[in-house]
Amino acid sequence: MARILAVSSQVVYGPVGLTAAVPALQAMGHEVLALPTVQLSNHPGLGKPVGHATPASEMSAMLEALERIDALQALDAVMTGYFANADQAEVMAKWIAKLCRIDPAIYVLVDPVIGDDDALYVSEALAISIRDRLVPLATCITPNAFELGWLTKRVVKDSESAIAAARSLAAPEVLATSVPDGAMLANIIVASSSSHRVTSPKLMDVPHGTGDLLAGLYLAHRFGSTPEDALNRAVPILSRTITASLGGDTLAIAEALHGS
């Protein structure tokens with residue numbers, strides 16, 4: 001299976017970021033090198049967290065240490081998610097560019113975690129860094145509807161507008177998530193000249209972390225599969241997780257993956 005460097009948030013309680021994506025990757029047999037951008041007690045949506053961001057210089061030093069012991073050799077993919085600040089994004093952009101120079105076949109998935117609904121929830125400096133430095137390096141980008149609109153300066157209100165916005169980006173694959181589609185939500189993969197949509201019921205009060213989980217599930221199934229097949233396999237597991245989580249405040253990932 002694949003060796004994947006995953007870079008995102010790490011929380012003790014309430015799976016989001018690495019805590020959501022890594023189990024999905026490992027369940028498919030992939031080896032994951034998990035580098036946290038923040039270490040927090042919990043997602044802020046569950047209450048004020050305790051913890052800290054990993055200094056960008058420390059992230060770079062960790063990667064240098066991994067390089068010295070050859071742990072970054074034979075990487076198949078790099079996956080990025082939540083960043084605390086623009087310095088972290090800049091560090092990862094430099095490292096991804098370096099890794100791709102060594103092996104141009106590395107699959108780079110960038111989840112541009114910058115906002116939700118109708119507003120940024122990170123600094124504009126960080127959002128710009130992700131857009132200008134990380135997105136151009138990506139094999140696949142996985143924005144939600146708001147993030148896709150912000151990245152492309154377009155209004156994304158339905159599947160048609162999401163597909164048009166995705167095509168305006170240079171990435172070989174764009175997985176637009178949680179796109180309004182009537183009474184449903186659509187997850188749409190746009191690759192080269194094709195697009196493929198999988199819809200799910202629109203539900204209320206879904207716990208945080210679904211975007212992180214879907215990105216992990218998609219990447220987990222992408223090796224040896226087409227983009228369409230990877231999405232077809234990922235969404236049912238996501239839906240099963242959401243169903244198992246309704247009424248709770250965290251995603252029931254272990255329960256859902258056990259049945260995958």
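Derivation of every value follows stated rules applied to the coordinates shown; laboratory data play no part. What you see is a predicted model, and the numbers here were worked out from it, not measured in a lab. Using ideal geometry, Cβ is built from the backbone for each residue, glycine included, and neighbour counts are taken over all protein chains shown.
Bin width 5 Å, alpha-carbon pairs only: give the P(r) of the stretch 108-260 as whole percents, running from 0 to the bin holding the largest distance.
2, 10, 20, 23, 22, 14, 8, 2, 0
Convex hull volume of the Cα atoms in the stretch 196-250, per residue, in Å³?
Dividing the Cα hull volume of the stretch 196-250 by its residue count gives 68 Å³.
What is the Cα radius of gyration of the chain over 2.2 N^0.38 Å, N being its residue count?
Cα-based Rg divided by the globular estimate yields 0.93.
What percent do you get for the relative contact order of the chain when only Cα pairs under 8 Å and 6+ apart count?
RCO, the chain: 17 percent.
Of Gly224, Gly17, Gly216, which has the largest mean-square fluctuation in a 10 Å C-alpha GNM of the chain?
Checking each option, the largest mean-square fluctuation is seen for Gly224.
Give the long-range amide H neighbours of Val32: residues separated by 5 or more places, or on another chain, with amide H under 5 Å away, using H modelled in the peptide plane at 1.01 Å from N.
Amide H neighbours of Val32: Ile4.
Could you tally the net charge around Ile128, taking each other residue with its Cβ under 15 Å from the Cβ of Ile128, Lys/Arg +1 and Asp/Glu -1?
The answer is -2.
With θ set to phi - 60°, apply the Karplus curve 6.51 cos²θ - 1.76 cosθ + 1.60 along the stretch 188-196 and write out the HN-Hα couplings as whole Hz, x wherever there is a Gly or Pro.
10, 9, 10, 9, 6, 9, 10, 9, 9
At R0 = 35 Å, how high is the FRET efficiency between Glu64 and Val206 if r is their beta carbon distance? Nearest 0.05 is fine.
0.35
Based on C-alpha coordinates, I'd like the Rg and Dmax of the stretch 116-176, in Å.
10.9, 30
Any idea how far the Cα center of the stretch 210-239 sits from the one of the stretch 108-180, in Å?
18 Å
Long-range amide H contacts for Gly115: which residues qualify at under 5 Å (H placed 1.01 Å from N, peptide plane, sequence gap of 5 or more or a different chain)?
Tyr121
Where in the chain are the DSSP H helices whose alpha-carbon span along the long axis reaches 30 Å or more and whose Kyte-Doolittle mean is at least 0.5?
Helix filter hits for the chain: none.
Kindly write out, for the stretch 38-46 in residue order, the coupling ³J(HN,Hα) from the Karplus curve 6.51 cos²θ - 1.76 cosθ + 1.60 (θ = phi - 60°), rounded to whole Hz, with x marking Gly and Pro.
Calculated HN-Hα couplings, in order: 9, 10, 10, 5, 6, 5, x, x, 9 Hz.
Once the Cβ-Cβ distance between Val50 and Ser123 is put in as r, and R0 is 22 Å, what FRET efficiency do you end up with, to the nearest 0.05?
0.55
What does the net charge come to around Ala220 if you take all other residues with beta carbon closer than 14 Å to its beta carbon, with K and R at +1 and D and E at -1?
Summing Lys and Arg as +1 and Asp and Glu as -1 gives -2.
Tell me the net charge near Ile4. Cut-off is 15 Å between Cβ atoms, Ile4 excluded, with +1 for each Lys or Arg and -1 for each Asp or Glu.
Local net charge: -3.
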